[in-house]
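A short worksheet on the structure shown next.
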């Protein structure tokens, strides 16, 4: 597959007398293949929006290489801009213009046919409210308008920053369906979102960023598999035997990651049947042996080290930095 | 081209533009209407009436004078001192003369198009410049503060072209408003002159002079609009232009005036912007340095300094260029976040 979006070693450094030097992007890499729905994830302040803005020519990088649709940026940006639709953070529109006026002005600036405005209004579900002033719209309706503005050009690459922000559950489902339809029609979609359940449902592949560096990337199922760590939950017929079982398993080289009152959690288990056999040989009989599936949220929290810790208040810049001792992404596999 | 047409459309659709245009129209119409009531055509009947009143005033003054002299003589005959009250010789030398009662003083005000219309061009320019300032600043300032500029740059990632198209649309609109309203303004005062004043001695040369005044007025209006636009773009907010205008006014008209007064700088007004604005409209302003005179040595002709409209063009041109080049330079360089 050909790459629609390529970023290599992207760096953006902000220097401030008050706050000193801050690396918003610290050698960030990203690659999105054609026709995919690609999730772009990261904690607040990790560099997602900076990446998108840099890619779209709004911010000048200090170093690195970027390409869109096979064209090197920023030189070729004016040439490829017509094939890239984007919303970066929630764009605001003039409150006294109607949705139709807003899109009409953009269509005119982009020399697009007027009928395209009605097509995208229909697509995002704003057809019947298109003549009303934007100031009367809810947050979700404004978000739909933003998505409509990005779709106006019928782009080959669609970049959406938090498109589900403010949408109701029905709207989120519609957005998910729209993304799928667009990808099915050959459009490549890059989706930045914090609704990780949605990303897991919609996306073919993901890139996770933390403190300006990539900590994981690849197809969703591979990222999940790489971080599932072969975790299984074991229950015994007699709870009282759990310490004996934990001891036997540890001696056999199996890692017991947690001993709960009524079960054990084992990690690094390739073949769950071997656990059953081992315990049976010790006269311990298993009543439950369940592989524990990981979801994107837990992988995200693990990779970015942003899981809440009781009694602690995490600050926005407290997340994993690739390459630092103890960082979750430094262990190889999908880590950068 | 499509971007320019889009920006023209965007500007004309803006509520503030429409509202200010209506206010401008109402303001100018109000000034012209109110002024038309204050001017009166000097018909032969009005002139004759003024002459008759002057004659009557003269006759009344002679009567009063005669009565005063008679009273004075009577008082003198009674042996009273009269000089303090009536003056020497009972004030006979103060007999009223007919030329002391000019009938012009009894005439109502009549608008003279030739002499006074240039002043009204300055009034017009001031009103349209205010319109250009607010519309220019808010057109780009609101785009920056609402994120509209970023949205537009995602569509057209050519920063200078986008800012240039917006500026061109603003200047075209302001020029159109100035020319159209200026034509109506001239017509209105020509009609006031024709029907309620005088349009005498308005030769081709006068029209040429009025045309040049109008050109300078439109030039100033366009410059004000462009500078407001550039300031708002530099500060990415409409308020930046307003703040800068207040700061320039405070520095130029207050701080510099105080400073040159305290330091005793000769021709201090040459450092004040309003002097150049005045020279721009009046073609020239003469500054006099009375401090150079020693009146104890007799009559003194104070030193002079002439500020011409060409000097104003230089001062305003340099300021205009610095702000505009700065806005485009920063647009090219800045991170948009």
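Please treat every number below as a calculation from the coordinates, not as lab data. Note that the structure is predicted; figures quoted are calculated from it, not measured. Glycine also receives a Cβ, built like all others from the backbone with ideal geometry; neighbour counts cover every protein chain displayed.
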(request) Would you give the gap between the C-alpha center of the range B:55-115 and the C-alpha center of the range B:229-272, rounded to a whole Å? (result) 54
(request) Specify the angular offset, from 0 to 90 degrees and rounded to the nearest 10, of the alpha carbon long axis of helix B:204-235 from the longest principal axis of the alpha carbons in chain B. (result) 50
(request) List the equivalent ellipsoid semi-axes of the protein assembly as shown in whole Å, largest first, each obtained as the square root of 5λ for an eigenvalue λ of the Cα gyration tensor. (result) 84, 28, 23
(message) If you take every DSSP beta bridge fully contained in chain A, what fraction is antiparallel? Give it as a percent rounded to 5.
(response) 70
(message) Suppose we look only past 19 Å in the calculated P(r) of the range B:44-106. What percent of the Cα-Cα pairs does that tail hold?
(response) 44
(message) Using a 7 Å offset from Cα along Cα-Cβ at residue A:285, what residues in the range A:233-267 end up with backbone N under 16 Å from the label point?
(response) A:235-242
(message) Cut-off is 10 Å between beta-carbons; in what order do A:240, A:59, A:208, B:258 appear when sorted fewest neighbours first?
(response) A:240, B:258, A:59, A:208
(message) Defining a contact as two alpha carbons under 8 Å apart and six or more residues distant in sequence, what relative contact order in percent does chain B show?
(response) 20
(message) What is the angle, in °, between the Cα long axis of helix A:242-251 and the longest principal axis of the Cα atoms in chain A? Nearest 10 is fine, range 0 to 90.
(response) 80
(message) Once the cut-off is 12 Å, how many percent of the Cα-Cα pairs in the range A:141-183 end up in the long-distance tail?
(response) 61
(request) Rounded to the nearest 500, what is the 222 nm mean residue ellipticity of the protein assembly as shown from helices alone, with -39500 (n - 2.57) per DSSP H run of 4+ residues and division by all residues? (result) -17000 deg cm²/dmol
(message) Could you work out the relative contact order of the range B:192-337? I mean the mean sequence separation of Cα pairs under 8 Å and 6+ apart, divided by the number of residues, in percent.
(response) 22
(message) If a paramagnetic tag sat 7 Å from the Cα of residue A:292 along the Cα-Cβ line, which residues of the range A:254-277 would have the backbone N under 13 Å from that point?
(response) A:255-269
(message) Quick check: residue separation of residue A:11 and residue A:259 times 0.36 nm, minus the Cα distance between them. What number comes out in nm?
(response) 84.9 nm
(request) Work out Dmax and Rg for chain B from the C-alpha atoms and quote the Rg first, both in angstrom. (result) 29.3, 105
(request) Go ahead and run the numbers for FRET between residue B:191 and residue B:57, Cβ-Cβ distance against an R0 of 35 Å, rounding to 0.05. (result) 0.55
(request) For chain A, calculate the relative contact order in percent as a whole number, restricting contacts to Cα pairs under 8 Å that are 6 or more residues apart. (result) 18
(message) Could you tell me the calculated FRET efficiency between residue A:177 and residue B:249, based on Cβ-Cβ distance and R0 = 51 angstrom, to the nearest 0.05?
(response) 0.30
(message) Over the Cα atoms, compute the radius of gyration (one decimal) and Dmax (the largest Cα-Cα distance, rounded to a whole number) for chain A, in Å.
(response) 24.0, 78
(message) Give me the extension gain from residue A:201 to residue A:18: residue separation times 0.36 nm, minus the current Cα-Cα distance, reported in nm with one decimal.
(response) 61.6 nm
(message) How would the range A:187-269 be classified by its alpha-carbon gyration tensor: rounded, prolate or oblate, with rounded meaning a/c under 1.5 and the a/b versus b/c comparison settling the rest?
(response) prolate
(request) Determine, for B:229, B:133, B:320, the number of other Cβ atoms within 10 Å of each Cβ, and report the residues in order from fewest to most. (result) B:320, B:133, B:229
(request) Give the calculated FRET efficiency between residue B:73 and residue B:100 to the nearest 0.05, with a Förster radius of 35 Å applied to their Cβ-Cβ distance. (result) 0.90
(request) Round to the nearest 10 and give me the degree value, 0 to 90, for the angle of helix B:2-13's Cα axis relative to the longest principal axis of chain B. (result) 50
(request) Report the extension gain between residue B:83 and residue B:115 in nm, rounded to one decimal, defined as 0.36 nm multiplied by the number of residues separating them, less their alpha carbon distance. (result) 6.7 nm
(request) May I ask you to sort B:36, B:138 by Cβ crowding, counting other Cβ atoms within 10 Å and putting the fewest first? (result) B:36, B:138
